[in-house]
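Notes for the one structure printed next.
The values are calculated or read from the model by the stated rules, or taken from the named source; none is laboratory data. On a predicted model such as this, the values are computed, not experimentally measured, just so you know. Here Cβ is always computed from backbone atoms with ideal geometry, including for glycine, and neighbour counts include all displayed protein chains. Only protein heavy atoms, including side chains, enter the accessible area calculation; ligands, DNA and RNA are left aside. Shrake-Rupley method; radii C 1.70, N 1.55, O 1.52, S 1.80 Å.
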Number of protein chains: 2
Amino acid sequence: MARELTVSIDAMGGDAGPGVVVAALARSVLRHPSVKFILHGDEAELKPLFAKRAKLLDRVAIRHAAERVRMEEKPSLALRRGRNTSMWRAIDSVKTKEAEVAVSAGNTGALMAMSMFQLGTLEGISRPAIAALWPTKRGQSVVLDVGANVTASDEQLVDFAVMGEAFARAILGLERPTVGILNVGSEEVKGNDAVKGAAHILRNNPSLPMEFCGFVEGNDIGEGTVDVVVTDGFTGNIALKTAEGTAKTVTHFLRSALLHSLFGRMGAYIASGALNALRRKLDPRASNGGIFLGLDGVVVKSHGGADALGFASALDMAIDMAKAGVIARIVADRRGIKTLEPEAAAS
Amino acid sequence: MARELTVSIDAMGGDAGPGVVVAALARSVLRHPSVKFILHGDEAELKPLFAKRAKLLDRVAIRHAAERVRMEEKPSLALRRGRNTSMWRAIDSVKTKEAEVAVSAGNTGALMAMSMFQLGTLEGISRPAIAALWPTKRGQSVVLDVGANVTASDEQLVDFAVMGEAFARAILGLERPTVGILNVGSEEVKGNDAVKGAAHILRNNPSLPMEFCGFVEGNDIGEGTVDVVVTDGFTGNIALKTAEGTAKTVTHFLRSALLHSLFGRMGAYIASGALNALRRKLDPRASNGGIFLGLDGVVVKSHGGADALGFASALDMAIDMAKAGVIARIVADRRGIKTLEPEAAAS
């Protein structure tokens, strides 16, 4: 019988500290009865958290790490000085293959830098990307890159398309995901060289395991026009945070509009069940976590401000990815795409 | 006495046709009792629209233009063949100074190309930008560029900062607008070379007529963290459309959440006044129009799908901009910014 799936966790990342991580673990062991966990962090802080949860320790191994990466630390510094941090050790467990996946709520830039350094990128992939699950009218879509890089070439956008497609097949259960490249218009002539070049490569590879739909615009993300939205990390990060801000602004306006009148307050009271359902739908904790794709190992970044519910979602995502074999799919699918000659790409 | 302010209008742009434009004019003449209008378009189509509004013709001059720019036409083609179009003629009235401002609901790319060709850019400005008014928790902010260009250098981002600041002072009535550059993080080390270079130039020009606040992130737009948000046209266009899509998705979720339960439906019925107020707040018609900044003349683009209310808002904006002398302010403010030596900028 194969070894049980093991999840390696950075217990010291995130704004809330290890208490949230242990509370998330208490949920996760129930949801995933055959999964084991390795918890990297300060033993003196971690042990007391298990005082009333001694049974958890049957499934959770604590590994002492004396240091931690600070949330505001520069990734380059963290990388240089970080061998004794809980974050480094969490990734190291994946590198040494004692765990299949690593999860951290810590500093995103440092986590990406350490993951790149320790795990490297997959065959055929030049740079990793961070993918986000985005709630849409039709369900959810995968958007990437949302912040691993500040630029992307045409070939890198093609990598992102493959990574997003493989993820969508494995995690969203889609047989042949639809893929679009984010642009300022849907016409072929619009956009910068990178998006035009990537679209050209994908259009000229007819036997893809995805349905390439050309360009999509910002409003198509929320509509759910395609399952996978491909963009560079600068634009994707700004689009993601703009959407989060807009959702907050709209619910702020909704609250003011309702509280402004007696009828509004009455209506809000009567409809409070429905309004709470809306809040849950928009709750970032439910689809929490940035997924690092393109690395030779599964690493999931939980939101820094996540509570136990949010961190548990990130653990779910990591476990699902390991079980679905997302990495093997990415490698196989990337091999199937032929790079076009520069002359052809420029035509 | 100075000549009355005159607005030149492309009557044939937009999806809805000239009927909407004439209905908007009927509103606008009441709001602006001393303004005159020149309406460029197909006389045979326009004249019948005034049959029941003959009095309007005291203030509106109809100028025949035999052709029109199609909504899907390539800007380069429109520019080559377009001298007899209503759009070209509308801009020409500004060039010949018989009108102060031009308004069109037509093809954005063609309108920008023709405006650039006929009016040129202002002294010190290398490229124009399209600005949008964005509803925020604190009121509204100016975001630019939202689509005139697909790239922007550091110097061009500085131009945009000046243009947005001058616009905010003139139209939003702010004495010293706060300005931020959109980025993937607020730390100085983050982002691409263009945003870092622009921030460096603005930080090293202490006597600006704006309060430069460094970098802001996507969620800061809806928060209203700064009055003016500066970005390249690729990112800005995607952020704007992502926000529009998100607002639609959230109200879609709200509607489903309310209709899902009897209490929800009752609450929605009782709160319908408040919910309608929310809809008006989010209605893109109320802050309709993309403002072209950096041209040697005022041109306002109304939304292609605008109705009479939307087109009338675009006319309001154009008239306000002419009265406030936005162009003169941009020229004066741009002169006040010294370009840094490349060595200094790279440090």
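Just a few scattered comments:
- The selection criterion, being buried (at least 22 other Cβ atoms within 10 Å of the Cβ) and within 17 Å of A:ALA11 (Cβ to Cβ), does not hold for A:ALA61.
One line per residue, one yes/no per condition, for (1) free of Cβ contacts under 8 Å to residues at least 12 places away in the same chain; (2) touching a Gly at 6+ places or on another chain (Cβ under 7 Å); (3) hydrophobic (A, V, I, L, M, F, W, C):
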position: B:THR231; (1), (2), (3): no, no, no
position: B:GLY236; (1), (2), (3): no, yes, no
position: B:LEU240; (1), (2), (3): no, yes, yes
position: B:VAL250; (1), (2), (3): yes, no, yes
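- Restricted to strands (runs of 3 or more DSSP E) entirely inside the range B:60-170, those with at least 3 residues that are over 19 Å from B:ASP232 (Cβ atoms) and either away from chain A (no Cβ under 14 Å) or free of Cβ contacts under 8 Å to residues at least 12 places away in the same chain (or both) are B:60-64, B:101-104.
- B:SER141 vs. criteria under 26 Å from B:ALA61 (Cα atoms), small (Gly, Ala, Ser) and surrounded by 22 or more Cβ atoms within 10 Å (Cβ to Cβ): no
- Summed over the range A:19-37, residues that are open to solvent by 10 Å² or more (accessible area, probe 1.4 Å), touching a residue at least 24 places away in the same chain (Cβ under 8 Å) and outside any helix (DSSP H, G or I) total 3.
- Unmet criterion (only one of (1) more than 14 Å from every other protein chain (Cβ to nearest Cβ); (2) in a strand (DSSP E or B); (3) more than 22 Å from the chain's Cα centre (by Cα)) for B:VAL179: (3)
- Pairs where the first residue, in the range B:181-209, is without any contact (Cβ under 8 Å) to a residue 24 or more places away in the chain and the second is of a type in the set (S, T, N, Q) and open to solvent by 40 Å² or more (accessible area, probe 1.4 Å), C-beta under 9 Å, 6+ apart: B:ASN192/A:THR151
- On inspection, A:ARG176 fails the criterion of being in contact (Cβ under 8 Å) with a residue 24 or more places away in the chain, buried (at least 19 other Cβ atoms within 10 Å of the Cβ) and over 22 Å from B:LYS74 (Cβ atoms).
- Scanning the range A:100-112 for residues that are modelled with pLDDT of 95 or more and over 20 Å from A:VAL20 (Cβ atoms) yields a single hit, A:GLU100.
- Residue satisfying condition, being surrounded by 17 or more Cβ atoms within 10 Å (Cβ to Cβ) and under 23 Å from B:LYS248 (Cα atoms), within set A:ILE201, A:ILE221, A:ILE171: A:ILE221
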